[in-house]
Structure formats: structure tokens, C-alpha cells
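Everything on this sheet refers to the single structure shown next.
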Amino acid sequence: MGLVSRERCHYGLRVVAIKLYSTTYCPYAWRSRIVLHEKGVEFETFEVDLRDKQEDFLEVSPRGLVPVMVHDDTTIAESMTINEYLEEFYPEPPLMGDGPIERAAVRSAIVDLNFNRSRPLARLASMLFYGREKRDESVIEQQSARWNRYLDDLEQHFSDNEWLATDKFSMADLSLYPTELVTRIGFQLGGDRERPALDSWRERVQARESVQATAPEGFGTAA
């Protein structure tokens, strides 16, 4: 059995039957925990051991991937799908923006992060953490440089914008934040250069109660 905890959000309780299969340090699962807290939804968390995946977890996630959410009799995988489902089921407060133009901007930022910008991180994780690839210093240097170029792009963006996709906090910001911070602390990537605008954005996100309530131990702040 995994560790199951019931989380009560500070924004008002709504009685629902939601269980989130999550791993504390997985940035994708962290995104969904933030969304649930932003929406003020009560939910249970099942802590998945990715090194020794529990039978209860594999019954709902045959591929063994987190996060997975069970809402009553509905099982949903993949953080992007889970988060948009929650947005539709609990529309307040809105996290995908107001109107089709803002929603398109938020989705575009998330897709860019998930399928383009994060590709170097998947390669690094495969080599450094999971042992799926033989360690190659030249590849590590190349993929690290690609991620740092993205951080440079973000620094330029946040020099002129408070948030990633719209003029307010959105699903794009809560998707970027766990990935950037886990990479910064876990991979030790990005902390060796001064990026004051990116730092200011990170501080704005960290100030949110939903982020503080869901942060893994030691991930509440990052200099």
C-alpha cells in the first residue's frame, strides 16, 4: 500500500471523491496538486513509489506513470489532461485564461514546455537518474546548454511580462514552476547564472498558498 493522505485546501471545501496518484518530487504530479489546491477541492493523495510500484497504483496506471487521478468512476492520466479536466469541472478560479485567445496562449505555452523545451530534461533524466542511457559528458553538456537557452528566453520574457502566457497567473505558470524548480534543485541546472527577472517570477509563484501547500520538503524556496 502507498501512503494515502487527505488534503484539505484553505479556499473552501467541496466534498468530492478524488484520489490523486502522485509522486512528491515529480513536477507533473506537482502541477496537478497545485491545480487542486487552487480550485479548493478536497482530495486524497496516494504516494507512488516509482522504484517499487504498488499493485494498487498499477491497477489504475498500467503504464506505471504519474500522475493519475480517479474522480468517482473516471480515471484520467497525464497531467495536462487532468488539469484541463479540473478546469472544466471546477471553472473557478479560471486558470486557462479568459476567452479563446488567452486559452490558446496558455495551451501553447504548456505544449511548448512539455513537448519542446523539456526534451533535454528527459534525456538528462534517462542518463543521470534512470540509467536507461550510458552517461556521456558531451550529451550532458549539449542538453544542459539547450535548457539554459530556454531559461535565457524566459529571462527576456519576464523582463517585460509578469506571467508566462497572460497578464495573470495561469495554468502555464503552474506548469513551468515545478519543472524549472525541480530542474534547478535536482539537476542543479540554471542556478549558476543571474536571471533576476526569472527569479522575480519564481518568487511571485512561490508566494501563492497553493504552491506553498504542495511543495516537496526543501522546495519551498530556491535562491
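Each residue in the range 187-223 was checked for being among the small types (Gly, Ala, Ser) and in contact with a Leu (Cβ under 9 Å, 6 or more places away or on another chain), and 5 of them qualify.
Conditions tested, residue by residue: (1) touching a residue at least 40 places away in the same chain (Cβ under 8 Å); (2) closer than 27 Å to residue 100 by Cα.
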{"residue": "153", "(1), (2)": "no, yes"}
{"residue": "159", "(1), (2)": "no, yes"}
{"residue": "178", "(1), (2)": "yes, yes"}
{"residue": "192", "(1), (2)": "no, no"}
{"residue": "201", "(1), (2)": "yes, yes"}
{"residue": "207", "(1), (2)": "no, no"}
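Restricted to helices (runs of 4 or more DSSP H) entirely inside the range 98-176, those with at least 1 residues that are modelled with pLDDT of 95 or more and loosely packed, with under 13 Cβ neighbours inside 10 Å are 99-112, 137-160. Criterion applied to 166, 81, 75 was being of a type in the set (Val, Ile, Thr) and outside the structural domain of residue 29 (by TED's automatic domain parsing), and the one residue passing it is 166.
For the range 121-133, does any single residue satisfy the condition of being assigned by TED's automatic domain parsing to the domain that holds residue 175 and polar (S, T, N, Q)? The answer is yes, given that some residue of the range 121-133 is assigned by TED's automatic domain parsing to the domain that holds residue 175 and polar (S, T, N, Q). Answer yes if at least one residue in the range 4-17 is at pLDDT 95 or above, of a type in the set (Lys, Arg) and surrounded by fewer than 23 Cβ atoms within 10 Å (Cβ to Cβ), and no otherwise. No, there is no match, as no residue in the range 4-17 is at pLDDT 95 or above, of a type in the set (Lys, Arg) and surrounded by fewer than 23 Cβ atoms within 10 Å (Cβ to Cβ). Only one of the numbered conditions (1) hydrophobic (A, V, I, L, M, F, W, C); (2) farther than 23 Å from residue 211 by Cβ; (3) crowded, with 20+ Cβ neighbours inside 10 Å; (4) modelled with pLDDT under 95 is violated by residue 1, and that is (3). Comparison of 204, 184 shows that the only residue that is under 24 Å from residue 107 (Cβ atoms) and part of a helix (DSSP H, G or I) is 204.
Could you please let me know if residue 110 is of a type in the set (A, V, I, L, M) and farther than 30 Å from residue 189 by Cα? Criteria not met by residue 110.
The values are calculated or read from the model by the stated rules, or taken from the named source; none is laboratory data. What you see is a predicted model; the values in this text were computed from it and never measured. All Cβ positions, glycine included, derive from the backbone under ideal geometry; neighbour counts span all protein chains shown.
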